[in-house]
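Q: Next up is a structure, given as structure tokens.
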Amino acid sequence: MPSQSAPQIREGVLSLGKPFSLHHGGELKTLEIGWRCVGDPTHPIVVALGGISAHRVVSDHADPDSGWWRAVVGPGAPIPSDRYQILSFDYLGGSGLTTGPKDSLAFPSVSTFDQAELLQLVMRHLEIGAIHAFVGASYGGMVGLAFAERYPQRLQRLIVLSAAHRAHPMATAWRSVQRRIVRLGARLGDTRSALALARGLAMSTYRTPEEFLQRFDGQARHTAEGAVFPVEEYLMARGEQYASRYAAGSFVALSESIDLHRIDPTQIVVPVSALAVSSDQLVPLEDMRQLAASLPKCRLTEIHSIFGHDAFLKEPQQLRPFFDQSLG
């Protein structure tokens, strides 16, 4: 069987060359945007954005282990990259090539409307008039809603997974504690350990009690410092892994951006396909139903997953029929 040819890749860093005004006030004196577009230039464009730790490499065909959405995006995958160009960018305030806090917690408040403006700038740079679909999961879905409200003429359809018109107060409560942990660590001179702890706490909100019962209902390991539980080891390992590759300031900035997010669903006129996960602790099913009911044109699909909020990363087979219907 002949090997599949490598996809065409266009990527770069766009420098704005002038100050960038922020939605919540203030401005950045300089702005750089790291972007990446993969696929046949004759194919329709799909924008794909994910959670706050996602980046411009959505799926790398040359390296099956690379790309934050490699289980969902690829040749023959639920989002088939052999039929679409996949466009993405690094978030403002993140840890990629786009302008962010880098080695400090200090960074102005970032809005999902700011991220939407970055996409508009990249599209203008690439001379893209309109995109076939914006696919946004988690924070990316919030950005998609902001983009659809501000630039309805620049996309044909919006596909939103586990993201609503505003953050639920309970989810804001969890994230507020996480941000305070990081800030406390910075004041005490151990930001990295604080970030690992905050991320470990965050992981417990991404998943479900059902999954944790199946995986971690084992005996504690006794140490000189006290008992260490299987779920504790898992959460701390994930936290340490995250802290080794992600800036603490980016975690704080984009976590806050989630909680500042608010859009008016009644102003979104493009067709919307929304997916809700009944076990999602961060974006409750009722919030997704309220969003869908407020949108002029929306089809809501509901699924159950043991992975909760992380279902968009872990359930490619459940997502396939949703994308088959939503991408048109």
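Q: Restrict the check to region 100-120 and report whether at least one residue is of a type in the set (Val, Ile, Thr), at pLDDT 95 or above, more than 16 Å from residue 15 (Cβ to Cβ) and surrounded by fewer than 21 Cβ atoms within 10 Å (Cβ to Cβ).
A: So the first thing to find is which residues in region 100-120 are of a type in the set (Val, Ile, Thr), and the list is 110, 112.
Those still in the list that are at pLDDT 95 or above too: 110, 112.
Of the ones still in play, those that are also more than 16 Å from residue 15 (Cβ to Cβ) are 110, 112.
Of the ones still in play, those that are also surrounded by fewer than 21 Cβ atoms within 10 Å (Cβ to Cβ) are none.
Checked region 100-120: no residue is of a type in the set (Val, Ile, Thr), at pLDDT 95 or above, more than 16 Å from residue 15 (Cβ to Cβ) and surrounded by fewer than 21 Cβ atoms within 10 Å (Cβ to Cβ).
Q: Can I ask one more? Only one residue in 214, 267, 317 is within 21 Å of residue 146 (Cβ to Cβ) and out of contact with any strand residue (DSSP E or B) (no Cβ under 9 Å at 6 or more places or on another chain). Which one?
A: Unique residue meeting the criteria: 267.
Q: Among (1) in contact (Cβ under 8 Å) with a residue 40 or more places away in the chain; (2) under 18 Å from residue 158 (Cβ atoms); (3) of a type outside the set (Val, Ile, Thr); (4) crowded, with 17+ Cβ neighbours inside 10 Å, where does residue 295 come up short?
A: It is condition (1) that residue 295 fails.
Q: Answer yes or no as to whether residue 86 is surrounded by 15 or more Cβ atoms within 10 Å (Cβ to Cβ) and under 17 Å from the mean Cα position of the chain (by Cα).
A: So residue 86 fits the description; yes.
Q: Got a sec? Which of 39, 67, 76 is out of contact with any Gly (no Cβ under 9 Å at 6 or more places or on another chain), without any contact (Cβ under 8 Å) to a residue 12 or more places away in the chain and not acidic (Asp, Glu)?
A: Working: 39 fails: without any contact (Cβ under 8 Å) to a residue 12 or more places away in the chain; 67 fails: out of contact with any Gly (no Cβ under 9 Å at 6 or more places or on another chain).
Only one candidate passes the filter, namely 76.
Q: While we're looking at this one, here's another question. Only one residue in 106, 130, 163 is within 30 Å of residue 236 (Cβ to Cβ), among the aliphatic types (A, V, I, L, M) and over 16 Å from the mean Cα position of the chain (by Cα), so which one is that?
A: Just a single option satisfies the conditions, and that option is 106.
Q: Among the numbered conditions (1) more than 30 Å from residue 186 (Cβ to Cβ); (2) more than 19 Å from the chain's Cα centre (by Cα); (3) not basic (Lys, Arg), tell me where residue 25 comes up short.
A: (1)
Q: If we keep just the residues of region 93-123 that are assigned to a loop (DSSP other than H, G, I, E, B) and in contact with a strand residue (DSSP E or B) (Cβ under 8 Å, 6 or more places away or on another chain), which is nearest to residue 254 (Cα to Cα)?
A: Among those that are assigned to a loop (DSSP other than H, G, I, E, B) and in contact with a strand residue (DSSP E or B) (Cβ under 8 Å, 6 or more places away or on another chain), it is 108.
Q: Could you tell me which numbered condition residue 253 fails, if it satisfies all but one of (1) part of a loop (DSSP other than H, G, I, E, B); (2) of a type in the set (Gly, Ala, Ser); (3) under 17 Å from residue 175 (Cα atoms)?
A: So residue 253 meets the others, but not (1).
Q: If you go through region 190-206 one residue at a time, do you hit one that is out of contact with any Lys or Arg (no Cβ under 6 Å at 6 or more places or on another chain), surrounded by fewer than 22 Cβ atoms within 10 Å (Cβ to Cβ) and in a loop (DSSP other than H, G, I, E, B)?
A: yes
Q: Looking at (1) part of a loop (DSSP other than H, G, I, E, B); (2) surrounded by 11 or more Cβ atoms within 10 Å (Cβ to Cβ); (3) among the aliphatic types (A, V, I, L, M), which is the one condition that is false for residue 6?
A: Every listed condition holds for residue 6 apart from (2).
Q: In this structure, is residue 146 of a type in the set (A, V, I, L, M, F, W, C) and either closer than 22 Å to residue 69 by Cα or within 13 Å of the chain's Cα centre (by Cα) (or both)?
A: yes
Q: Let me ask something else about it. Can you find, within region 237-259, the residue that is surrounded by the fewest Cβ atoms within 10 Å (Cβ to Cβ) among those that are touching a residue at least 60 places away in the same chain (Cβ under 8 Å) and out of contact with any helix residue (DSSP H, G or I) (no Cβ under 8 Å at 6 or more places or on another chain)?
A: Among those residues, the one meeting the criterion is 245.
Q: What about residue 180, is it over 20 Å from residue 281 (Cα atoms), surrounded by fewer than 16 Cβ atoms within 10 Å (Cβ to Cβ) and at pLDDT below 95? Please lay out each step first, then the result.
A: Values: over 20 Å from residue 281 (Cα atoms): yes; surrounded by fewer than 16 Cβ atoms within 10 Å (Cβ to Cβ): yes; at pLDDT below 95: no.
For residue 180, the condition - over 20 Å from residue 281 (Cα atoms), surrounded by fewer than 16 Cβ atoms within 10 Å (Cβ to Cβ) and at pLDDT below 95 - is not met.
Q: Six or more apart or on different chains, Cβ atoms under 9 Å: show the pairs whose first residue is in region 220-231 and farther than 18 Å from residue 200 by Cα and whose second is loosely packed, with under 10 Cβ neighbours inside 10 Å and of a type in the set (Ser, Thr, Tyr).
A: none
Q: Here's something else I'd like to know. Please count how many residues of region 262-291 are surrounded by fewer than 21 Cβ atoms within 10 Å (Cβ to Cβ) and in contact with a Cys (Cβ under 9 Å, 6 or more places away or on another chain).
A: Of the residues in region 262-291, 2 are surrounded by fewer than 21 Cβ atoms within 10 Å (Cβ to Cβ) and in contact with a Cys (Cβ under 9 Å, 6 or more places away or on another chain).
The values are calculated or read from the model by the stated rules, or taken from the named source; none is laboratory data. As the structure is a computational prediction, the values presented were derived from the model and not from experiment. Every residue, glycine as well, gets a Cβ built from its backbone with ideal geometry; the counts of neighbours run over all protein chains shown.
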